[in-house]
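The values are calculated or read from the model by the stated rules, or taken from the named source; none is laboratory data. Everything numeric here is computed off the predicted structure, so don't read it as measured data. Note: ideal-geometry Cβ built from the backbone for every residue, glycine included; neighbour counts use all protein chains shown. Heavy atoms of the whole protein, side chains included, go into the accessibility calculation; ligands, DNA and RNA do not. Shrake-Rupley method; radii C 1.70, N 1.55, O 1.52, S 1.80 Å.
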Amino acid sequence: MPPPRGTSAETLLAYAFDSSAFTATEAIDATGLTRSTVLGAAEELVRLGWLRELDDARAAGEYRMGRPARRYELDTVAGVVVGVDAGQHRVTAFVADLRGTVLGRAEGALGESGLDVPVRLGVLADTVAAALASADVDRTRVLVTVVGIPAPVDAAGASPDDGGFWVRMNPGFADAVPDGRVLVENDANLAALAERPSSGDASFAALLSGERFGAGLVVDGVLLRGAHGGAGEMRVLELVEGVGSSDGIGAVARTFVADAVVAGHIPTDAALAADAALVFAAARSGDPVARTIVDRLGDRLARVCVLLASLLDIDRVVVAGAIAQPAVAVIDRARDLLAKGHFDPVPELVASSLGADVVVIGAVAHAVDAVRADPLSFPVLSRAAAPRGSGPTVPSSRAGRTMHPAASR
């Protein structure tokens with residue numbers, strides 16, 4: 001049986017999560033535990049599979065005189081975590097070790113079948129299985145799976161019954177992802193967790209901005225949820241003059257192009273009508289219609305930022321999602337409008353560098369946090385021939401562990 005919570009083993013394991021290889025002396029200095037307690041806890045954690053004992057300090061070339069010190073490190077593949085971005089049209093899954101290093105990934109397309117619950121659950125299960133296969137990790141090693149969805153999520157992982165979209169986005173994932181603990185969280189909140197390391201102590205909004213606006217809100221260090229998980233839902237934009245809906249930058253860009261076609265400003269076969277990114281590229285090339293569209297989108301984004309800042313007094317708005325980098329011209333235009341000073345103080349407006357993976361990166365960070373919050377409640381397997389992947393590391397947010405709102409972003 002694992003040791004009880006709050007024991008010296010838990011204290012030492014918390015230290016190991018934040019350390020590379022360490023000696024008993026280093027652990028004593030960091031934790032305040034006695035030598036005998038550290039050595040006993042380390043032995044217990046090695047037995048449980050959480051720590052590995054390494055060559056002693058003399059063998060490692062770090063110790064020259066006296067009794068060689070015993071050295072340990074966290075076994076980062078004692079278990080793995082899975083992060084999933086389960087959007088309306090696409091599913092992305094990452095498998096990561098206990099420090100957030102990505103070991104494998106996979107993507108699955110939902111296309112126009114994203115509202116079909118059996119199809120949705122099937123694609124999600126297949127995508128997670130493919131990610132585990134990519135990592136060469138058995139599913140029995142999964143400790144936590146976090147599934148990010150475009151819907152509000154309350155503290156229990158449930159979404160409000162809207163009779164349609166939200167219920168279909170969150171139909172229950174336990175059977176589709178049966179291994180380990182399954183947590184369902186809102187996509188915009190996961191984006192906020194992903195953006196938190198680069199935002200430091202700022203109060204900020206991570207604004208998913210593709211098909212629909214949805215915000216993950218961090219205020220005074222706390223990730224906001226609301227009574228029903230709806231903090232950051234942007235339906236209020238329907239009432240904001242000059243905005244009129246929660247449609248995101250990509251969706252509105254296509255609408256503006258369609259309007260320009262109807263008005264005869266561009267030909268009906270123009271490539272602009274197919275892809276918002278092409279609109280932004282055309283604007284950079286000096287196309288007058290595209291530049292007008294960018295100006296209108298910038299004005300709309302600036303109004304959204306003013307609303308968020310007025311309600312929450314935040315320091316920063318991070319435009320996130322796949323649209324962020326292509327829409328830099330829109331963000332620049334909005335920033336220019338905010339700088340005019342009519343609504344000071346206004347938030348800093350920046351584009352995320354995490355691209356389309358921002359939600360799944362946040363899901364991995366949240367999963368690692370869930371393990372770190374109570375690691376000894378998870379059974380881990382003895383060390384096996386598991387890969388140590390060379391993928392990117394997803395930083396643990398070490399922040400609030402709640403989530404929430406949206407529709408397709």
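A single entry from Thr25, Thr37 fulfils the requirement of being at pLDDT 90 or above, open to solvent by 40 Å² or more (accessible area, probe 1.4 Å) and more than 30 Å from Arg141 (Cα to Cα): Thr25.
Any residue in segment 109-119 that is open to solvent by 10 Å² or more (accessible area, probe 1.4 Å), in contact with a Ser or Thr (Cβ under 6 Å, 6 or more places away or on another chain) and among the β-branched types (Val, Ile, Thr)? Looking for residues that are open to solvent by 10 Å² or more (accessible area, probe 1.4 Å), in contact with a Ser or Thr (Cβ under 6 Å, 6 or more places away or on another chain) and among the β-branched types (Val, Ile, Thr), one finds at least one in segment 109-119, hence yes.
Quick check: anything in segment 295-305 at pLDDT below 95, part of a helix (DSSP H, G or I) and open to solvent by 60 Å² or more (accessible area, probe 1.4 Å)? No, every residue in segment 295-305 fails to be at pLDDT below 95, part of a helix (DSSP H, G or I) and open to solvent by 60 Å² or more (accessible area, probe 1.4 Å).
Among the residues of segment 222-238, the ones that are assigned to a helix (DSSP H, G or I) and β-branched (Val, Ile, Thr) come to 1 in all. In the set (1) surrounded by fewer than 19 Cβ atoms within 10 Å (Cβ to Cβ); (2) under 21 Å from Pro326 (Cα atoms); (3) at pLDDT 90 or above, Val252 fails one condition alone, (1).
Here Gly244 does not fit the description of being buried (at least 18 other Cβ atoms within 10 Å of the Cβ), under 29 Å from Arg90 (Cα atoms) and of a type outside the set (A, V, I, L, M).
Looking for something part of a loop (DSSP other than H, G, I, E, B) and either of a type outside the set (Val, Ile, Thr) or within 19 Å of the chain's Cα centre (by Cα) (or both) - is there at least one such residue anywhere in segment 184-195? Checking segment 184-195: not a single residue is part of a loop (DSSP other than H, G, I, E, B) and either of a type outside the set (Val, Ile, Thr) or within 19 Å of the chain's Cα centre (by Cα) (or both).
For Ala188, the criteria (1) at pLDDT below 95; (2) of a type outside the set (Ser, Thr, Tyr); (3) open to solvent by less than 10 Å² (accessible area, probe 1.4 Å) hold in every case but one, which is (1).
Can you name the condition, by its number, that Gly163 falls short on among (1) surrounded by 18 or more Cβ atoms within 10 Å (Cβ to Cβ); (2) more than 30 Å from Leu297 (Cα to Cα)? The number of the failed condition is (1). The residue that is surrounded by the fewest Cβ atoms within 10 Å (Cβ to Cβ), among those in segment 306-361 that are in a strand (DSSP E or B) and either out of contact with any strand residue (DSSP E or B) (no Cβ under 7 Å at 6 or more places or on another chain) or among the small types (Gly, Ala, Ser) (or both), is Ala351.
The single condition among (1) open to solvent by 50 Å² or more (accessible area, probe 1.4 Å); (2) in a helix (DSSP H, G or I) that Val261 does not satisfy is (1). Of all residues in segment 46-92 being open to solvent by 40 Å² or more (accessible area, probe 1.4 Å), outside any strand (DSSP E or B) and among the charged types (D, E, K, R), which is modelled with the lowest pLDDT? This residue is Arg58. Being modelled with pLDDT of 95 or more, in contact with a Cys (Cβ under 6 Å, 6 or more places away or on another chain) and closer than 18 Å to Leu207 by Cα narrows it down to one of Val350, Val317, so name that one. None of the others qualify; the one that does is Val317. Among the residues of segment 117-137, the ones that are farther than 12 Å from Met169 by Cβ and in contact (Cβ under 8 Å) with a residue 24 or more places away in the chain come to 13 in all. Filter segment 224-237 down to the residues that are among the aliphatic types (A, V, I, L, M) and open to solvent by less than 10 Å² (accessible area, probe 1.4 Å), then identify the one that is farthest from His366 (Cα to Cα). Looking at residues that are among the aliphatic types (A, V, I, L, M) and open to solvent by less than 10 Å² (accessible area, probe 1.4 Å), I get Leu237. For segment 191-222, a residue qualifies if it is of a type in the set (A, V, I, L, M) and crowded, with 24+ Cβ neighbours inside 10 Å, and the qualifying residues are Ala191, Ala192, Leu193, Ala194, Ala205, Ala206, Leu207, Leu208, Ala215, Leu217, Val218.
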